[in-house]
Amino acid sequence: MTWNSSGRLARIFIVAFTVAVLIYLIMPTFVIVPMSFSSKSYLSFPPPGWSLQWYQTMTERHDYPQAFWNSIKIGVPVALLSTTLGTLAALGVVRGRFFGARPMSAIVIAPLMLPQIILAIGLYPIMAKFGLAGSYPGVVIGHTVICIPLVFITVAASLKNYHPAYEYAAMTLGAGWWSTFWHVTFPMIRVGVIVGGILAFTFSFDELIIALFLTSPETRTLPRLLWEDLRQYVTPIIAAATTLVLCISFILFGAVALLQRRLSKASKS
Amino acid sequence: MTSRDPAMRQATGRIWSPARGYFVILSLPVIFLAVFFIWPLAGVILRSFGGDEGIFFQYLTVFERDSYLKVLGYTLQVATTVTVLCLLIAYPVAALVARLQGSWLQLAFALILVPFWTSTVIRTYAWMVLFQRKGVINDALLNFGVIDAPLRFMHNNIGVHIGMVHIMLPFMLLPLISAFRNIDPSYMRAAGVLGANPIRAFWHVYLPLSMPGVSAGVALVFITSLGFFITPALLGGAKNMMLAVLIEQQVTITVNWELASALASILLIVTACLYVVYDRVSRRAGGGGVLD
């Protein structure tokens, strides 16, 4: 009896605590959205009035549209390059049975675990030597290093979902390596590859530290511009740009959620 | 074995051997990572021993100067506090979420993953907005009469901790939830039937079974917190600096690449050791290492 009633109290407490924590997790991000529609130049909540002037100011300014397109121009090649390299790495590590597959996967995943500041100060002198510091290829390479593990993890997970016997069967029946990959392997890991690519784009779109070191004022990305503005003043223009970034992130998040649901349905049937 | 027979050698050379084929496939990403990952790291380590003052000069400076030692100590302290806070907050939440079903489970997952998908710069900016002198939190506290004068959240310890726990919490929640979902609820019922009270059952059954998730979450949060840059740089004060912020300042403001490289090498070695230890431990626990 006493255990039961205190157990119920504990349960109510845990539920209330969980709700509070989930609110803590998402609330701060969404406070920004109404502020971007504020009619005043200072940030107060709720905003004293509504207007679209900050979005207008943002599009009229030269630097925000430029930084936005830079982020796309960098994110798309990063996604393509890291998807290719990450998929190759996953195929080699998961399917290859050779000594050293384990340490190899440790090296492939390591860039994700390592603080980005170390890679940033390591890459900068090398890029400077090749004349790539501040250029698009420089930052694309930097982001790709960290995105390869993202693709590697998702693709390796989908490769482990089915047995290599399918590939052996195809090869036994006379398929070459390319047609085996294209007609057997790729259809089965396609969702993993696409999810990995979206993750890579999102990472690049949000990344700051590598971009701080490897971009120039001409190639700077949106996170870097936000960062530079944030250190000087906190205005609703930043809120407007942030809301735009949030929209893009959530569209991509929704796409991944849908893809993964399809994947789990497919693996059940 | 067949190398003496030329016909056989030619034949085996032509046969598509999967193992060898995949080794060739690996070479492309490996070369890329060797050039743009291993080489830069080696460069950082080499540069840390450079400079005109002698091989170990930078390291001696770091370990002799109180201001640098303070940064190292503060970094460890923040990473530890953030990890403990995340674990304490995430454990009950994950235990509850793991028992949800259907659309409630999906809703909870969405709420955990949304911040996961939001850029750290943006989430830190949100905290700056909330923490302002006339920000939302101070307004609310003043209105409800909790405080008489606005509190300072930014440029001190409080802000850094609230902001970092907020960013690290999903990294703790996700491994915990997946560990909890693997625990068969009948174990707890069995413990109850056998006469264990809930606390005893939790301590002897649930907690040990949840350890793979705990160790994964703790490792992930601690390692990431050690190298954290954005949140401490924006919310932290000049008095208390974290290691990654100091490294960035040494490069961009002081332009002391050798000292920055020494600091980065220390961070690199600590992170790498933790990563290796964690992988060993988690493989022994049977939860499968990060690499599996």
**Coarse-grained scattering of the range B:57-284 at q = 0.13, 0.16, 0.18 Å⁻¹, given as base-10 log I(q)/I(0) from a Debye sum over alpha-carbon atoms** = -0.91, -1.16, -1.29
**chymotrypsin sites (Phe, Trp or Tyr not before Pro) within the range A:211-257, DSSP loop, no more than 11 other Cβ atoms inside 10 Å** = A:TYR233
**Message:** Using only the alpha-carbon atoms of chain A as identical scatterers, what base-10 log of I(q)/I(0) does the Debye formula give at q = 0.07, 0.10, 0.11, 0.14 Å⁻¹?
**Reply:** -0.37, -0.70, -0.80, -1.07
**Asked** Top mean-square fluctuation among A:VAL140, A:VAL245, A:VAL78, Gaussian network model of chain A, C-alpha springs under 10 Å?
**Response** A:VAL245
**Prompt:** Where the accessible area of the range B:127-260 is counted over protein heavy atoms with a 1.4 Å probe, how much of it, in %, is carbon and sulfur?
**Reply:** 63 percent
**Buried area at the A-B interface (accessible, heavy atoms, 1.4 Å probe, summed, Å²)** = 7600 Å²
**Request:** Treating the angle as unsigned and between 0 and 90°, give the value, to the nearest 10°, between the Cα long axis of helix A:116-129 and the longest Cα principal axis of chain A.
**Result:** 80 degrees
**Prompt:** Are there any helices in chain B, counted as whole DSSP H runs, that stretch 30 Å or more along their axis by Cα and score at least 0.0 on average by Kyte-Doolittle, and if so which?
**Reply:** B:66-99, B:157-181, B:257-284
**Structure-based [θ]222 nm, chain B - -39500 (n - 2.57) summed over DSSP H runs of at least 4, per residue, nearest 500** = -24000 deg cm²/dmol
**Prompt:** Taking 0.36 nm per intervening residue step and subtracting the Cα-Cα distance, what contour gain separates B:ASP52 from B:LYS239 on full extension?
**Reply:** 64.3 nm
**Request:** Taking 7 Å along the Cα-to-C-beta vector as the label spot, tell me the A:LEU52-B:MET211 distance in nanometres, rounded to one decimal.
**Result:** 6.0 nm
**Prompt:** Looking only at other chains, what is the average number of their beta-carbon atoms within 10 angstrom of each beta-carbon in B:35-46?
**Reply:** 6
**Request:** Report, in whole Å, the centroid distance computed from the Cα atoms of the range A:50-86 and the range B:42-111.
**Result:** 30 Å
**Loop-resident sites, the range A:9-75, for trypsin sites (Lys or Arg not before Pro), counting at most 16 other Cβ within 10 Å (DSSP)** = A:LYS40, A:ARG61
**Request:** Go through A:GLN232, A:VAL155, A:THR172 and say which Cα lies farthest out towards the positive end of the charge dipole of the range A:122-269; charges sit on Cβ, +1 for Lys and Arg, -1 for Asp and Glu.
**Result:** A:THR172
**Fill in**
With only helices counted (DSSP H, runs n ≥ 4, each -39500 (n - 2.57)), the per-residue ellipticity at 222 nm for chain A, to the nearest 500, works out to -26000 deg cm²/dmol
**Message:** For chain A, set up a GNM with springs between Cα atoms under 10 Å and report which of A:PRO223, A:PRO111, A:PRO125 has the largest fluctuation.
**Reply:** A:PRO125
**Message:** Using amide H atoms built in the peptide plane, which far-off residues or other-chain residues are under 5 Å from A:SER38 H to H?
**Reply:** A:SER51
**Message:** With the crude spin-label approximation of a point 7 Å out along Cα→Cβ, what separation in nm comes out for B:ALA140 versus B:LEU88?
**Reply:** 2.0 nm
**Request:** State in Å² the accessible area per residue of the range B:112-203; use a 1.4 Å probe, count heavy atoms of protein chains only, and round to the nearest integer.
**Result:** 48 Å²
**Fill in**
Once phi for every residue in the range A:187-194 is put through the Karplus expression 6.51 cos²θ - 1.76 cosθ + 1.60 (θ = phi - 60°), the whole-Hz ³J(HN,Hα) values, with Gly and Pro written as x, are x, 7, 9, 4, 4, x, 5, 5
**Prompt:** Hey, in the GNM for chain B with a 10 angstrom Cα cutoff, which one of B:PHE36, B:PHE171, B:PHE116 fluctuates hardest?
**Reply:** B:PHE36
**Request:** Report the paramagnetic label zone for A:PHE250: residues of the range B:106-145 whose backbone N is under 14 Å from a point 7 Å from Cα along the Cα-to-Cβ axis.
**Result:** B:110-119
**Prompt:** Taking every residue in B:87-100, how many Cβ atoms of other protein chains lie within 10 Å of its Cβ, on average?
**Reply:** 3
**Reachable lysines, given that their alpha-carbon falls under 25 Å from the alpha-carbon of B:LYS134 and they are not under 8 places away in the same chain** = A:LYS40, B:LYS239
**Prompt:** Which value in nm describes the separation of the simple spin-label points at B:ALA42 and A:PHE130, placed 7 Å from the Cα toward the beta carbon?
**Reply:** 1.5 nm
**Prompt:** Using the Cα atoms of the range A:17-152 to build a convex hull, what is its mean projected area in square nanometres?
**Reply:** 13.4 nm²
**Request:** Return one whole number: the accessible area per residue of chain A in Å², for a 1.4 Å probe.
**Result:** 45 Å²
**Request:** In vacuum, with every alpha carbon of the protein assembly as shown counted as one equal point scatterer, what does the Debye formula give for log10 I(q)/I(0) at q = 0.06, 0.08, 0.12 Å⁻¹? Two decimals, please.
**Result:** -0.34, -0.61, -1.31
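The values are calculated or read from the model by the stated rules, or taken from the named source; none is laboratory data. Model, not experiment: these values are computed from the prediction. We place every Cβ from the backbone using ideal geometry, glycine too, and count neighbours over all the protein chains shown. Each accessible area value is taken on the protein alone, full model and side chains, heavy atoms only, with ligands, DNA and RNA left out. Shrake-Rupley method; radii C 1.70, N 1.55, O 1.52, S 1.80 Å.
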